[in-house]
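> The structure follows.
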C-alpha cells in the first residue's frame, strides 16, 4: 500500500487548490465500507476510510488495511485508509505496520508542550519506518465521541479563548514536522439531537492555514450546516471527517430493512438496505465537499 501514500498528499493539496475537500468516512464493519466506496466511485472522487482505535479493535487493524488495499487494487481507485484519533504510540505502530496510508495522532487533550513532544516522537518514528506515511496531529480538544449528543462534551473547545491560535499552529507544525493539522475551530465530534452543531470560526481557519503552512483537517463534521462546510473549505479546510452520520445511516438502514422484512434471516438479503442508506449519506456529503451539483 505504501506506493500510494505520497499520492494521498498530492490529492489533498490538489483539493486545496481547487477549493474542495476530500471526504474522510469512518467504518467499523464492511457494510459501511461498501456503501462509502460505492458513493466515491459513482461520483468519481477519491476517498479516505478512517478507523479509530475502537473501530480497529472491532474490525481488526490488519484486516481493515487489507480490505481497503484489495478494493484499491480491484477497482484501481484512490481509496486510502487512515488511523483516526490514535492516542498511543503502540496503536500508531500497529497501524503503520499494517499498511495504513496515514495516522492521526491525537494529543489534543495534552498540554501544548507535551503534545508537541509526543507528536514529534510519532512523526520521527513513522518517517523513519516509511517516509510516505502521512502524519496528522490534533491541536485543541473537540470531544471524543461520534454519537448523538444532548449537550456539549466537557472540556470541548468551543469558546474563542479555547480555540487553536495561529501562533500555536505555526510553532506546533514547525517543531513536530506533521503533514496535516486538525485544529479546534469551534465544532465538536458527534451530532446534537435536535439542533445543528456550534458555529465554526471561519476567519480563524484562514489565519490557521496561513500560519500552519500545511493542509487543515476538519474533524467532527457530522451535524454541521452545509453553508458552514462550504465556507470552511473556501477558508482552507482540505479534509473533512464524518462518522456519526454514517452510524446513524447504518442504524436507520437496518431498522428499515427489518421493518420491511421482519421474517427475513439471511444477512445478504437484509444488509443491502443498510449499504444503500450509507451510500446516500456519503454521496450527499461528497457532493457538497466536491462542489458537485
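> State whether one or more residues within region 212-220 are assigned to a helix (DSSP H, G or I) and either over 21 Å from the mean Cα position of the chain (by Cα) or within 18 Å of residue 31 (Cβ to Cβ) (or both).
Within region 212-220, the subset assigned to a helix (DSSP H, G or I) is 212.
Next, from what is left, pick out any that are either over 21 Å from the mean Cα position of the chain (by Cα) or within 18 Å of residue 31 (Cβ to Cβ) (or both): none.
Scanning region 212-220 turns up no residue that is assigned to a helix (DSSP H, G or I) and either over 21 Å from the mean Cα position of the chain (by Cα) or within 18 Å of residue 31 (Cβ to Cβ) (or both).
> A further question on this structure: May I ask you to say which residue of 57, 76, 82 is on the phi > 0 side of the Ramachandran plot and out of contact with any helix residue (DSSP H, G or I) (no Cβ under 7 Å at 6 or more places or on another chain)?
76
> Of the conditions (1) surrounded by fewer than 24 Cβ atoms within 10 Å (Cβ to Cβ); (2) touching a strand residue (DSSP E or B) at 6+ places or on another chain (Cβ under 9 Å), residue 254 satisfies every one except a single condition; which number is it?
All conditions are met except number (2).
> Touching a strand residue (DSSP E or B) at 6+ places or on another chain (Cβ under 8 Å), surrounded by fewer than 17 Cβ atoms within 10 Å (Cβ to Cβ), in a helix (DSSP H, G or I) and modelled with pLDDT of 95 or more: which single residue out of 13, 62 fits that description?
The conditions single out 13.
> Here is a follow-up. Taking region 209-243 as the region of interest, how many residues are in contact with a helix residue (DSSP H, G or I) (Cβ under 9 Å, 6 or more places away or on another chain) and free of Cβ contacts under 8 Å to residues at least 12 places away in the same chain?
0
> Give me a count of the residues in region 246-271 that are in contact with a helix residue (DSSP H, G or I) (Cβ under 8 Å, 6 or more places away or on another chain) and assigned to a helix (DSSP H, G or I).
Counting residues in region 246-271 that are in contact with a helix residue (DSSP H, G or I) (Cβ under 8 Å, 6 or more places away or on another chain) and assigned to a helix (DSSP H, G or I) gives 13.
> If you don't mind, another one. Could you check region 21-45 and list, in sequence order, the residues that are surrounded by fewer than 20 Cβ atoms within 10 Å (Cβ to Cβ), modelled with pLDDT of 95 or more and assigned to a loop (DSSP other than H, G, I, E, B)?
Hit for region 21-45 is 44, nothing else.
> Of all residues being more than 18 Å from residue 52 (Cα to Cα) and either touching a strand residue (DSSP E or B) at 6+ places or on another chain (Cβ under 7 Å) or free of Cβ contacts under 8 Å to residues at least 40 places away in the same chain (or both) in region 74-109, which is surrounded by the most Cβ atoms within 10 Å (Cβ to Cβ)? Just the residue, please.
75
> Further question on the same structure: Taking the criterion of being modelled with pLDDT of 95 or more, in contact with a strand residue (DSSP E or B) (Cβ under 7 Å, 6 or more places away or on another chain), surrounded by 15 or more Cβ atoms within 10 Å (Cβ to Cβ) and assigned to a helix (DSSP H, G or I), would at least one residue in region 180-198 satisfy it?
Looking through region 180-198, none of the residues is modelled with pLDDT of 95 or more, in contact with a strand residue (DSSP E or B) (Cβ under 7 Å, 6 or more places away or on another chain), surrounded by 15 or more Cβ atoms within 10 Å (Cβ to Cβ) and assigned to a helix (DSSP H, G or I).
The values are calculated or read from the model by the stated rules, or taken from the named source; none is laboratory data. The shown structure was predicted, so the numbers you read here are calculated from the model rather than taken from an experiment. Here the Cβ is made from the backbone with ideal geometry for all residues, glycine too, and neighbour counts use every protein chain on show.
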